[in-house]
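I have placed the structure first, in the form of structure tokens, so that the comments after it can refer back to it.
The values are calculated or read from the model by the stated rules, or taken from the named source; none is laboratory data. Everything quoted here is computed from the prediction, not taken from an experiment. When we count neighbours, we look across all protein chains shown, and the Cβ atoms used for this are built from the backbone with ideal geometry, even at glycine. Accessible surface is based on the protein model in full, side chains and every heavy atom, while ligands, DNA and RNA are left aside. Shrake-Rupley method; radii C 1.70, N 1.55, O 1.52, S 1.80 Å.
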Amino acid sequence: MTDRFRDEAVTTLKLAIPLVIGQATNVAMVFVDTLFAGRLSAEDLAAVAIGGTFWATSNLLVLGTLLAVPAFVSQFDGAGERQRIAPFARQAGWVALLLSLLVWSFIRNAELLLEPIGIPAEVRPLAGGYLDAISWGAPFYALFFLFRFVSEGIGSMRPAMVFGIGGLLLNIVADWVLMYGKFGFPALGAAGCGYATAIVLAAQCIGMGLYLRFGKRYADLDIFKHIELPRLDRAAEILRVGLPIGAAVFVESSLFLCATLLMGSLGTVMIAGHQIALNFSALAFMVPLGFSFAITVRVGNAAGRGDWEAVRFRGITGLKLIMITQTITALFILTFRGPIAGLYSTDAAVVAVGVELLLFGALFQFSDGFQIAAAGALRGIKDTRIPLVIMVLAYWVFGIPLSYTLGISLGGRGAGIWIGLIGGLTVAAVALLWRFNRLSQRLVAGQGEQT
């Protein structure tokens, strides 16, 4: 191990660990929701699974688009142009609010889709109640991540961890009170879970906004000095980079949405077991996702200085770290998948399905980790359009049809659907790694900006 690699690995780890914890708390909230719902009934568990999938999928378009924020901010910071951050953040705020309005509208009407896609009748009203309740969290979700990504763009990662842990603790209490009807509140079941999440998002948003306003590290930014009217040219610049990221994240998420919907056609037990494997795999995914955010900041900071050799080195170092983390995660899931499934449900049939599908969850850790890390490195140099094309081909042209063919047409059921997931992720990982390798080599060779 060279001194340079060790130093870069340590720097990346210092950035990544708070982000991993912060991201893990987001999924841990879903984990808590699943535990509380699973102890109500299989129908409530299925409702939270279906409703949560719609919510997460639609918001990933928001999250993905806002992932342009750390790329811009880190480049401004690296180039010594911090005075450009505040005007950029104000315009990004208008973009965030617009996207959140679209999410709110979709979620409020998503119940209309449940019957046509084959969700069981006993699950539909519960899922609808959950969706109506959680929809009120949409603007808070968008603004919280905007504030967080501005902070991360200048290398301040700790707020993600602090507000993530605080949100998780609040979510536990809110779920318990609203789902089970404590302290005089009515027992709202799955709908209570939705309201609890909306409350947590509001608290996180307000807290992060106050931190940016009064934190010493952000004093020179003065983001809240005044309100700027929307400017179409600046919004267009943000969307030019951010929308392909958002679309790519949405395309990836749609792979899992389609898998969940295919599972829904196989019955309540199958979808509940699928939710176990998917939720824990999503929790594990927070490790490479946190690393990908750190890689974006490190690569973007080097790109802001025009140091293309450092861009390549930092990206490759991050990918090497991902190999280590994903090996550890896969071995953990393989070893403990029985006890893991048992945490989610007391229904033996549901647990059995969860144990089977966690095997596949362990296998796709490598593909999932590499594709998100490579995408993070590419975001750091604002390369977003070609990765979108790659993901459309990998997930929609290859992964989803493969899941349907193996799981439904050929009768492979849950195993077949998950093999399709692995196939789509593997194609994306290989193509995105190739893209970063080729593009970074060209930049080091002095051939100019990426295409």
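Some notes on this structure:
- Residues (of a type in the set (Gly, Ala, Ser) and either closer than 21 Å to Gly242 by Cα or open to solvent by 40 Å² or more (accessible area, probe 1.4 Å) (or both)) located in the stretch 284-305: Gly290, Ser292, Ala294, Gly300, Ala302, Ala303, Gly304
- Extreme residue, surrounded by the fewest Cβ atoms within 10 Å (Cβ to Cβ), among residues of the stretch 82-126 that are assigned to a loop (DSSP other than H, G, I, E, B) and in contact (Cβ under 8 Å) with a residue 60 or more places away in the chain: Gly118
- Pairs with Cβ under 6 Å, 6+ apart, first in the stretch 345-368 and more than 14 Å from Arg413 (Cβ to Cβ) and part of a helix (DSSP H, G or I), second hydroxyl-bearing (Ser, Thr, Tyr) and at pLDDT below 90: Val351/Ser345; Gly361/Ser281
- Listed by first and then second residue, the pairs linking a residue in the stretch 388-409 that is farther than 27 Å from Phe436 by Cβ to a residue that is surrounded by fewer than 17 Cβ atoms within 10 Å (Cβ to Cβ), with Cβ atoms under 7 Å apart and 6 or more places separating them unless they lie on different chains, are Leu406/Gly412.
- Evaluation of Gly189 against (1) at pLDDT below 90; (2) open to solvent by 20 Å² or more (accessible area, probe 1.4 Å) (one fails), failing number: (2)
- All positions within the stretch 328-352 that are of a type outside the set (Gly, Ala, Ser) and open to solvent by 50 Å² or more (accessible area, probe 1.4 Å): Ile328, Leu331, Phe332, Leu334, Thr335, Phe336, Arg337, Pro339, Leu343, Thr346, Asp347
- Checked against the criterion of being touching a Leu at 6+ places or on another chain (Cβ under 9 Å), modelled with pLDDT under 90 and over 29 Å from Asp347 (Cα atoms), the candidates Ala277, Ala303, Ala294, Ala272 yield just one match: Ala303.
Conditions (1) closer than 13 Å to Ile134 by Cα; (2) assigned to a helix (DSSP H, G or I), marked per residue:
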position: Val173; (1), (2): no, yes
position: Val177; (1), (2): no, yes
position: Gly184; (1), (2): no, no
position: Cys193; (1), (2): yes, yes
position: Ala196; (1), (2): yes, yes
position: Ile199; (1), (2): yes, yes
position: Gln204; (1), (2): no, yes
position: Gly207; (1), (2): no, yes
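- Test result for Ile50, in a helix (DSSP H, G or I), within 24 Å of Leu255 (Cα to Cα) and in contact (Cβ under 8 Å) with a residue 60 or more places away in the chain: yes
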